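Reviewing the structure listed below.
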Ligand code: AAL
C-alpha cells in the first residue's frame, strides 16, 4: 500500500480539526488552549496576537540568538593614525567600505587637517573650516589585519574651483566594477553650514586602489528639483552591485529644523558614471544616517542607526527596495563601513559581514576641539559564522554610562520650579 507522507496526514488532520473549529493544539475559538511552555520554533497553528505573530513573520527567527540578522557590536581602537594629540586639527571620519586587494585591506575616509578646529559657518575662511568635514580630502590606508593600519596619504585632493568638490571632498565609498575602481564622494561647492549641509555626489576612478585617481568632474547623483525631498543634500553614497547594475544608496536631510528628517534613497545605473535613475519609491528607508548595507541571501540588509522612527534596527529588503525590520539591536557602529566580500560579485546568495570600520565623532566631547576618530567594529551578521557572544541579548552598561546621560540644567530648573512629574 502506498504510504501517505506524514505531512499530508498532518495537514489533513489540521484541515479536519479546522473544519470542526478546533486547532492543532486542541483549542477552539471559544476556549483556545494556553500558549505552550516551550516556545515553538515555527509559527504555531493557534490564534496569536500582533506581537507574537510578528516574531514568526517579520524576523529571521523568533528569538535574537537564532536570528542571522541580529548581532551585538564590539569595538577596538585602531593603531596607525595620528590625531595631533586630539587637538581638533586632524579628523578622520566617514570611512568607505573596506576592500581586500592583493592580500591587503584598503579603506578610504574623510581626512581633515586644518590649522584650527572647526569654527562654524560664520567664522570659516579658505583655511578655517566651518565643520568637521569642511576643507577635507579623501585619504586612504591599508592593513594586513584590520586592526593596525598604515596611512598611505591622499587619494582625492580638493580639485580647483569651480570643479565639484573644490571646497571639500568628503564621505566617500568604493565601487569595484569591471576591474576599475570608483570613489563616489560628497562634492561640496560651499562651506557646509552656509545654507545647510548641501552637496551633490561626484565620482573619480582609477585602475588601481592605490590610484592615481581621475576626477570625472561631473555630478553623478544630482540634487533633487526644488520641493523634492533630496533637493539639497545627497549624502553617504553607498554603491553595491546587484542584478548586473549599480545600486547606489544615499541619504538626504530634508524638512526644516526642528523637524528635519533623514532618510535613505536609491539610485540605479548601468554605468558607474551614470546616468543614475532615482527609484520612484524613494525614500526607501525611513531612518538611519550613514546607512551601510550588504548583500544577504537574495536580498540586501541595512544597518539603520542614529536617526528616525526605526533607528537601532537591522533591516532587510528581499527585492533591494522594500525594507522591513529584521532585528532590533543596540550600540550600533556610527558611519559603519563593513568589509563586504560580496559587495561587487552580483551575488544572489549574500553571506553577510563580520567586521568593518566606523567613527566616533566629537571624540573629546568638546565642540572647541571637534574632530572624529576611526574605530573598528566586529559583529556576527554572517551566515558563515556562529559566535554566541555576538548574539547576547543585552549589553550590561556600567552605571557611569547612565550617569553621563544625566538631567540637563534646564530640566533641573523645570523640576525646581515645581513642575515635578509626580
Ligand atoms: C556624515 C555624513 C555626511 C554629512 C556629514 C559628513 O555623518 O552623513 O558626511 O554631510 O556627516
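The values are calculated or read from the model by the stated rules, or taken from the named source; none is laboratory data. For clarity, every value in this text was computed on a predicted model and none was experimentally measured. In this analysis, Cβ positions are derived from the backbone assuming ideal geometry, glycine residues included, and neighbour counts consider all displayed protein chains.
Only residues that are away from the ligand (no atom under 16 Å from the Cβ), crowded, with 19+ Cβ neighbours inside 10 Å and within 24 Å of residue 308 (Cα to Cα): list them for segment 251-277, please.
Residues satisfying the conditions are 266, 267.
If we scan segment 112-123, do we find a residue that is surrounded by 23 or more Cβ atoms within 10 Å (Cβ to Cβ) and assigned to a loop (DSSP other than H, G, I, E, B)?
Within segment 112-123, one or more residues are surrounded by 23 or more Cβ atoms within 10 Å (Cβ to Cβ) and assigned to a loop (DSSP other than H, G, I, E, B).
Could you check segment 193-250 and list, in sequence order, the residues that are part of a loop (DSSP other than H, G, I, E, B), within 24 Å of residue 338 (Cβ to Cβ) and more than 16 Å from the ligand (Cβ to nearest atom)?
If the condition is that a residue be part of a loop (DSSP other than H, G, I, E, B), within 24 Å of residue 338 (Cβ to Cβ) and more than 16 Å from the ligand (Cβ to nearest atom), then 208, 209, 210, 211, 213, 243, 244 are the ones that fit.
Hey, could you check segment 167-192 for residues that are assigned to a loop (DSSP other than H, G, I, E, B) and more than 16 Å from the ligand (Cβ to nearest atom) and say which is surrounded by the fewest Cβ atoms within 10 Å (Cβ to Cβ)?
179
So which residues in segment 133-146 are more than 16 Å from the ligand (Cβ to nearest atom) and surrounded by 14 or more Cβ atoms within 10 Å (Cβ to Cβ), if there are any at all?
140, 141, 142, 143, 146
Taking the criterion of being assigned to a loop (DSSP other than H, G, I, E, B), in contact with a helix residue (DSSP H, G or I) (Cβ under 7 Å, 6 or more places away or on another chain) and buried (at least 16 other Cβ atoms within 10 Å of the Cβ), would at least one residue in segment 42-51 satisfy it?
no
Considering only residues of segment 314-333 that are touching a residue at least 40 places away in the same chain (Cβ under 8 Å) and surrounded by 19 or more Cβ atoms within 10 Å (Cβ to Cβ), which is farthest from residue 63 (Cα to Cα)?
320
Please determine whether any residue of segment 366-381 is in a loop (DSSP other than H, G, I, E, B) and more than 16 Å from the ligand (Cβ to nearest atom).
Within segment 366-381, one or more residues are in a loop (DSSP other than H, G, I, E, B) and more than 16 Å from the ligand (Cβ to nearest atom).
Do we have residue 340 as surrounded by 17 or more Cβ atoms within 10 Å (Cβ to Cβ) and under 16 Å from residue 248 (Cα atoms) here?
For residue 340, the condition - surrounded by 17 or more Cβ atoms within 10 Å (Cβ to Cβ) and under 16 Å from residue 248 (Cα atoms) - is met.
What are the residues in segment 82-93 that are outside any strand (DSSP E or B) and surrounded by 19 or more Cβ atoms within 10 Å (Cβ to Cβ), if any?
Within segment 82-93, 88 is the sole residue that qualifies.
Within segment 99-112, which residues are in contact (Cβ under 8 Å) with a residue 12 or more places away in the chain and either away from the ligand (no atom under 16 Å from the Cβ) or touching a helix residue (DSSP H, G or I) at 6+ places or on another chain (Cβ under 8 Å) (or both)?
99, 100, 101, 103, 104, 105, 106
Kindly indicate which of 159, 129, 164 is away from the ligand (no atom under 16 Å from the Cβ) and closer than 25 Å to residue 218 by Cα.
Selected residue: 159, the only one of 159, 129, 164 that is away from the ligand (no atom under 16 Å from the Cβ) and closer than 25 Å to residue 218 by Cα.
Given 71, 96, which one is under 19 Å from the mean Cα position of the chain (by Cα), part of a loop (DSSP other than H, G, I, E, B), more than 15 Å from the ligand (Cβ to nearest atom) and closer than 30 Å to residue 392 by Cβ?
Every option except 71 fails the conditions.
Looking at segment 14-34, which of its residues are surrounded by fewer than 14 Cβ atoms within 10 Å (Cβ to Cβ) and either outside any helix (DSSP H, G or I) or modelled with pLDDT of 90 or more (or both)?
Matches in segment 14-34: 20, 21, 26, 28, 29, 30, 31, 34.
What is the residue count in segment 201-226 for residues that are surrounded by fewer than 22 Cβ atoms within 10 Å (Cβ to Cβ) and closer than 23 Å to residue 279 by Cβ?
8
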